[in-house]
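Worksheet: one structure, shown below.
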Amino acid sequence: MLIYVGRRIISYSQAQHPCAHETVALIHKVFGKNTRGSGMSWEESNLHDEYVYDKAANAAARARDPVDKWQELVEQGAVWEPIEGYGGFAFLDPAGARFYLPAVMILQLQNRWDVTFFLTSEHSQETWSTLSDAERGCVAAFLRCLMDSDTTGFEKEDLEAGYRQFWREYDANPLPNEPG
């Protein structure tokens, strides 16, 4: 399946993610107008991972990360390749996390990223505190898509538990309350 994202065509394997087309459309609909605004940039999160909190260093890092529309991150393809386990969601403020989330959900559907741990970990829930109910519903649909496709490297039981504990109540088409 081919999906147009900006000027670029993205290919999604229906065998891997049968729900990718609908999920990507929902992500664009719900998060479409989000910008980074005053939220922390990815480069700034890398500095915080290194315990650098200097205002001048943060301003320089922010200048190296000029993207203000998350769709540009998806369109850039290999240009934006954040390193998993360095900086990122563990260090972003809620506004910055809200900005990067739609891009990484789409990248995960392309098998280029995995945000599952940060969405389903109890320790990360404050990161998502600025999400609206519609955005939370979109995250729930994304996680449900991953559970349906069974292609995440994350343990399926942990994925289901996180979905049920943190996101199910926002899902427009929730899975049954109990697994199985």
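For LYS33, give me every one of the lysines with a C-alpha distance below 20 angstrom, ignoring sequence neighbours fewer than eight places off in its own chain.
Result set, ordered by chain and number: LYS69.
What are the chymotrypsin sites (Phe, Trp or Tyr not before Pro) within region 50-150 that DSSP puts in a loop, where the Cβ has at most 10 other Cβ atoms within 10 Å?
Taking region 50-150 and a limit of 10 other Cβ atoms within 10 Å, the loop chymotrypsin sites (Phe, Trp or Tyr not before Pro) found are TYR51, TYR53.
Give me THR116, THR130 sorted ascending by neighbouring Cβ count inside 10 Å, so fewest comes first.
Ranking THR116, THR130 by Cβ neighbours within 10 Å, fewest first, gives THR130, THR116.
Extension gain ALA57-GLU22, at 0.36 nm per residue separation less the Cα-Cα distance, in nm?
Separation in residues times 0.36 nm, less the Cα-Cα distance, equals 8.6 nm.
Quick check: pseudo-label points 7 Å beyond the Cα along Cα→Cβ at LYS29 and GLU126, how many nm apart are they?
3.4
Search the structure for amide H atoms under 5 Å from the amide H of LYS69, placed 1.01 Å from N in the peptide plane, and list their residues when 5 or more places away or on another chain.
Amide H neighbours of LYS69, under 5 Å, 5+ apart: none.
Hey, how many Å between the Cα centroid of region 118-137 and the Cα centroid of region 20-61?
About 15 Å separates the Cα centre of region 118-137 from the one of region 20-61.
Laboratory data are not the source of any read-out in this text; all were calculated from the coordinates shown. Bear in mind that the values here come from a model prediction, so they are computed numbers and not experimental data. Cβ atoms come from the backbone with ideal geometry, glycine included; neighbour counts cover every protein chain shown.
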